[in-house]
Amino acid sequence: MIDIHINPVIQSRFNTVDFSNLVFGKEFSDHIFIADFDGNSWGNYRIQPYGPIPLSPSLSCMHYGQAIFEGMKAFRTEKNEIQIFRPLDNLRRMNQSAERMCMPFIPEEMFMEGLKALCRIDQKWVSSLNDNALYLRPFLIASDDSLGIRPSQNYMFMIYGCAVGGYYSEPLKVKVETHYVRSCQGGVGEAKTAGNYAAALYATQIAQKEGYHQVLWTDAFEHKYLEELGSSNLFIRIGKTLITPSTTGTVLKGVTRDSVIKLAQNLGYAVEERAVSIDEVLAWNSQGKLDELFATGTAASIIGIAQLDYKETTICIAPKENSLAKILNSKLDNIKRSKEEDIFGWNEKVI
Ligand SMILES: *Cc1c(COP(=O)(O)O)cnc(C)c1O
């Protein structure tokens, strides 16, 4: 057990929030969990009101980008229990990101107890209305106040919550990116590190001005192999086969991606994790074999791609009533809310 000092809010903001109309990423719950690393060990565990924190202007993460994060969700079940979906998988990935960015290891005890303590104190923020959930954002930042370029000695680990609803309401329009690069072999694409998102903004902004929701990144050398979308992984369905790009260093290993692989196999689909090129997709499309394209991630869950543009070619896939994306999405959602049996043991009970 870690000893968490709790300084609760005096006035909760709960009553100011319209839970029937949540905008993603705006409605932060009342508290934040914080811990400090001093070069040797973790300590100073505390929960305090969510809000501005004083930081040194020379804080190393703000200059040299040693910053990593995670995202997962807590759900309220019909029995009024609260549970977090696959948090230990997020911890494993966070520690892989930490190693790549020369940051300290996050102990399981601190991660899990911090998450659970935050969910308990902010439990009323875990809304069961519609698609609502409490999005949990653990993050780790370098906190030396010094100008040298080297791994920081000091770090802060924090977790806050954000009440969220559904993410996208319509199927996606996606542009295959053939100029800019998100990630390359030997780079940091597999780490959930802040700089990857800054580096992706420019190409995404151009695509959004052209009317797309997202770009689909391709490999850095030939712009031929498909990788992933902004913050979600890609799946292609050809009959009873699902194909997803392999995660061999340039693609984020999504927890939702892994859940989809396991659920689809359980439903009798063959799943291939391999390199998949845009030429294959174009060929499947012209042969009438391309049944579905969809994206997977914690924030957006499982969402169909209705249009994929590659250079001058447009691939349109009319959203079907009984698409695998929809079937998997409701199955996954039911498991997260304990409306369906959790056969893989994914839920971590909080209350
Ligand atoms: C977080 C993220 C994903 C999705 O991962 P999940 O664990 O399913 O939420 C995919 N790609 C990128 C680049 C991401 O940052």
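The values are calculated or read from the model by the stated rules, or taken from the named source; none is laboratory data. Predicted model, so just to flag it, every value in this text is computed and none were measured. Positions of Cβ are generated from backbone atoms using ideal geometry, with glycine treated the same way; all protein chains shown enter the neighbour counts.
Listed by first and then second residue, the pairs with beta-carbon distance under 8 Å, at least 6 apart or on different chains, first residue in segment 219-241 and under 11 Å from T296 (Cα atoms) and in a loop (DSSP other than H, G, I, E, B), second among the β-branched types (V, I, T) and away from the ligand (no atom under 13 Å from the Cβ), are L229/V174.
Using the structure shown, decide if A220 is buried (at least 19 other Cβ atoms within 10 Å of the Cβ), among the small types (G, A, S), outside the structural domain of K124 (by TED's automatic domain parsing) and out of contact with any Pro (no Cβ under 8 Å at 6 or more places or on another chain). Criteria not met by A220.
So if I check each of L234, L267, L229, which one is aliphatic (A, V, I, L, M), farther than 20 Å from T313 by Cα and in the same structural domain as A203 (by TED's automatic domain parsing)? Explain how you work it out, then say what you get.
Values: L234 fails: farther than 20 Å from T313 by Cα; L229 fails: farther than 20 Å from T313 by Cα.
When all the criteria are applied, what remains is L267.
Criterion first (part of a helix (DSSP H, G or I) and either in the same structural domain as N196 (by TED's automatic domain parsing) or out of contact with any strand residue (DSSP E or B) (no Cβ under 9 Å at 6 or more places or on another chain) (or both)) does R257 satisfy it? When the stated conditions are applied, R257 passes them. Against the condition within 14 Å of the ligand (Cβ to nearest atom) and within 27 Å of D89 (Cβ to Cβ), how does A199 come out, does it pass? Considered against the rule, which asks whether it is within 14 Å of the ligand (Cβ to nearest atom) and within 27 Å of D89 (Cβ to Cβ), A199 comes out as yes. Of the candidates E113, E109, E27, E99, the single residue that is within 22 Å of D131 (Cβ to Cβ) and acidic (D, E) is E27. Quick one: E190 ticks every box in (1) touching a residue at least 24 places away in the same chain (Cβ under 8 Å); (2) touching a strand residue (DSSP E or B) at 6+ places or on another chain (Cβ under 9 Å) bar one, so which box is it? Looking at each condition in turn, E190 falls short on (2). Could you tell me whether any residue of segment 1-21 is surrounded by fewer than 17 Cβ atoms within 10 Å (Cβ to Cβ), modelled with pLDDT of 95 or more, of a type in the set (S, T, Y) and in a helix (DSSP H, G or I)? Scanning segment 1-21 turns up at least one residue that is surrounded by fewer than 17 Cβ atoms within 10 Å (Cβ to Cβ), modelled with pLDDT of 95 or more, of a type in the set (S, T, Y) and in a helix (DSSP H, G or I). Hey, among the residues in segment 265-280 that are hydrophobic (A, V, I, L, M, F, W, C) and part of a strand (DSSP E or B), which one's nearest to the ligand (Cβ to nearest atom)? Of everything passing the filter in segment 265-280, V271 is nearest to the ligand (Cβ to nearest atom).
For segment 145-217, the strands (runs of 3 or more DSSP E) that sit wholly inside it and include 3 or more residues that are closer than 30 Å to M112 by Cα are 155-164. Please indicate, with yes or no, whether at least one residue in segment 51-73 is in contact with a helix residue (DSSP H, G or I) (Cβ under 9 Å, 6 or more places away or on another chain), among the charged types (D, E, K, R) and modelled with pLDDT of 95 or more. Yes - at least one qualifying residue is present in segment 51-73.
Consider segment 314-348 and keep the residues that are touching a Gly at 6+ places or on another chain (Cβ under 7 Å) and part of a loop (DSSP other than H, G, I, E, B). The one that is nearest to the ligand (Cβ to nearest atom) is S323.
Given the options K262, K240, K289, K311, name the one that is of a type in the set (K, R), more than 10 Å from the ligand (Cβ to nearest atom) and under 28 Å from I84 (Cα atoms). So the residue among K262, K240, K289, K311 that is of a type in the set (K, R), more than 10 Å from the ligand (Cβ to nearest atom) and under 28 Å from I84 (Cα atoms) is K262.
Considering only residues that are under 18 Å from E190 (Cβ atoms) and buried (at least 21 other Cβ atoms within 10 Å of the Cβ), which ones fall in segment 231-252? Walk me through how you get there before you give the answer.
At the first step, the residues of segment 231-252 found to be under 18 Å from E190 (Cβ atoms) are 231-234, 244-252.
Within segment 231-252, S232, N233, L234, T244, P245, T250, V251, L252 meet the criteria.
Could you grab me the full set of residues in segment 85-122 that are at positive phi and either among the hydrophobic types (A, V, I, L, M, F, W, C) or away from the ligand (no atom under 16 Å from the Cβ) (or both)? C102, the sole residue that qualifies.
Any idea which of I343, I302, I351, I261 is under 30 Å from G114 (Cα atoms) and loosely packed, with under 13 Cβ neighbours inside 10 Å? Write out each step before concluding.
Values: I302 fails: loosely packed, with under 13 Cβ neighbours inside 10 Å; I351 fails: loosely packed, with under 13 Cβ neighbours inside 10 Å; I261 fails: loosely packed, with under 13 Cβ neighbours inside 10 Å.
Result of the check over I343, I302, I351, I261: I343.
Identify all residues within segment 239-254 that are touching a Leu at 6+ places or on another chain (Cβ under 8 Å) and either under 22 Å from K175 (Cβ atoms) or not assigned by TED's automatic domain parsing to the domain that holds A220 (or both); write none if there are none. Scanning segment 239-254 gives T244, P245. Of the numbered criteria (1) in contact with a helix residue (DSSP H, G or I) (Cβ under 6 Å, 6 or more places away or on another chain); (2) surrounded by fewer than 20 Cβ atoms within 10 Å (Cβ to Cβ), the one V215 fails is (2).
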